[in-house]
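Scroll down for the structure; my scribbles are underneath it.
The values are calculated or read from the model by the stated rules, or taken from the named source; none is laboratory data. Computed from a prediction, not measured in an experiment: that's the story for all the values here. Every residue, glycine as well, gets a Cβ built from its backbone with ideal geometry; the counts of neighbours run over all protein chains shown. Accessible surface is based on the protein model in full, side chains and every heavy atom, while ligands, DNA and RNA are left aside. Shrake-Rupley method; radii C 1.70, N 1.55, O 1.52, S 1.80 Å.
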Amino acid sequence: MSLLVLAACSNSESVGSERTVSAATSASSAETASATTPTAPADTAVVESTTTVGPTTTTTVVTPSELTLGEAGVGGFALGSAAGPVVAGLSAVLGTPTRDDEVAYPLADGFGEYTSAVGDTGFVAPMGRTVCWSVNLCAEFGGASDASMSFTGWTYSNDPTAALSSASGGTIGARWSDLSALEVDAGGCYSVGSGTIDGIRVALESTGDPFSSFDDAGNYVANVPSPGDVSISSMETGKVPVFLYGDC
């Protein structure tokens, strides 16, 4: 499925009710205080406060610093995992989701995948669930039913803080000139291009020469802009919903 199509336009139809997954809360007493969170992956950073003499105060803070974006998942949360533990674990790191929607893809497309009722969005399963957090990381889940949903893919975009990154430093706004691991495809859709880093598909934007143009005879010309003018605008891996009628 083309990342450029997804970057150009997106659409989905929500069904069912919105979900809310709350992060674990803390409890304290005059003697002790502790925080309890859902089990975090092994590579998630955990920082504990100092303990004072007298009544004990211990604060556990889980940060996204080691929540590495990867081709096979996010941090220790692998594609194919059951939806519930992935949502709970990522929420423990990133906070309460800002979006949690279920979407039906009831029409078989004849090629082993499915489309929305109006046929404009495709997905790998007849039922999908999209869960997003404040950093604009969205995890996608799919299955034959709500109970059978598993982690199928993720997208990451529009995060000015660049809070998450791949192993080689791929993140939102990172420039091609600073990323030796970024592989850029020739051609694209005007100022929008594509490539990969650490096996992750990326959409690219050029502020200089476009990725494609047309000559005087109307022929398509594929370009490769200067690396200093090209930066990552979005990232994704696995199976995610795709709008089927993008401009390019």
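Having 1 or more residues that are touching a helix residue (DSSP H, G or I) at 6+ places or on another chain (Cβ under 6 Å), open to solvent by less than 10 Å² (accessible area, probe 1.4 Å) and under 22 Å from VAL202 (Cα atoms) is the bar; report the strands (runs of 3 or more DSSP E) wholly within region 60-170 that clear it. Even if it seems obvious, please write down each step before you answer.
On the way: elements: 60-63, 99-104, 121-123, 127-132, 137-143, 150-157.
Once the strands (runs of 3 or more DSSP E) in region 60-170 are filtered for at least 1 residues that are touching a helix residue (DSSP H, G or I) at 6+ places or on another chain (Cβ under 6 Å), open to solvent by less than 10 Å² (accessible area, probe 1.4 Å) and under 22 Å from VAL202 (Cα atoms), what remains is 127-132, 137-143, 150-157.
For region 229-241, check the following and say yes or no: at least one residue is farther than 23 Å from LEU164 by Cβ, surrounded by 12 or more Cβ atoms within 10 Å (Cβ to Cβ), modelled with pLDDT of 95 or more and not charged (D, E, K, R).
Taking every residue of region 229-241 in turn, none turns out to be farther than 23 Å from LEU164 by Cβ, surrounded by 12 or more Cβ atoms within 10 Å (Cβ to Cβ), modelled with pLDDT of 95 or more and not charged (D, E, K, R).
Please name all residue pairs, on different chains or six or more residues apart, with Cβ atoms under 9 Å, provided the first residue is in region 188-210 and is without any contact (Cβ under 8 Å) to a residue 40 or more places away in the chain and among the β-branched types (Val, Ile, Thr) and the second residue is open to solvent by less than 10 Å² (accessible area, probe 1.4 Å) and assigned to a strand (DSSP E or B).
Once the first residue is without any contact (Cβ under 8 Å) to a residue 40 or more places away in the chain and among the β-branched types (Val, Ile, Thr) and sits in region 188-210, its partners that are open to solvent by less than 10 Å² (accessible area, probe 1.4 Å) and assigned to a strand (DSSP E or B) give THR196/VAL202; ILE197/SER166; ILE197/ILE232; ILE197/MET235; THR207/VAL230.
Could you give me the residue pairs with C-beta distances under 6 Å whose first residue belongs to region 110-129 and is touching a residue at least 24 places away in the same chain (Cβ under 8 Å) and among the polar types (S, T, N, Q), whose second residue is part of a strand (DSSP E or B) and surrounded by 13 or more Cβ atoms within 10 Å (Cβ to Cβ) wherever it lies, and which are 6+ apart or on separate chains?
Note: pairs meeting the criteria are THR115/LEU107; THR115/GLY122; THR121/PHE243.
Out of curiosity, is ASP216 open to solvent by 50 Å² or more (accessible area, probe 1.4 Å) and on the phi < 0 side of the Ramachandran plot?
For ASP216, the condition - open to solvent by 50 Å² or more (accessible area, probe 1.4 Å) and on the phi < 0 side of the Ramachandran plot - is met.
Could you check, for region 179-190, whether at least one of its residues is open to solvent by 50 Å² or more (accessible area, probe 1.4 Å), at pLDDT 95 or above, within 30 Å of PHE151 (Cβ to Cβ) and not in a loop (DSSP other than H, G, I, E, B)?
The answer is yes; a qualifying residue exists.
THR161 - would you say it is of a type outside the set (Phe, Trp, Tyr) and touching a Cys at 6+ places or on another chain (Cβ under 7 Å)? If you could, list the steps in order and put the result at the bottom.
Numbers: of a type outside the set (Phe, Trp, Tyr): yes; touching a Cys at 6+ places or on another chain (Cβ under 7 Å): no.
No; evaluated as a whole, the condition is false for this residue.
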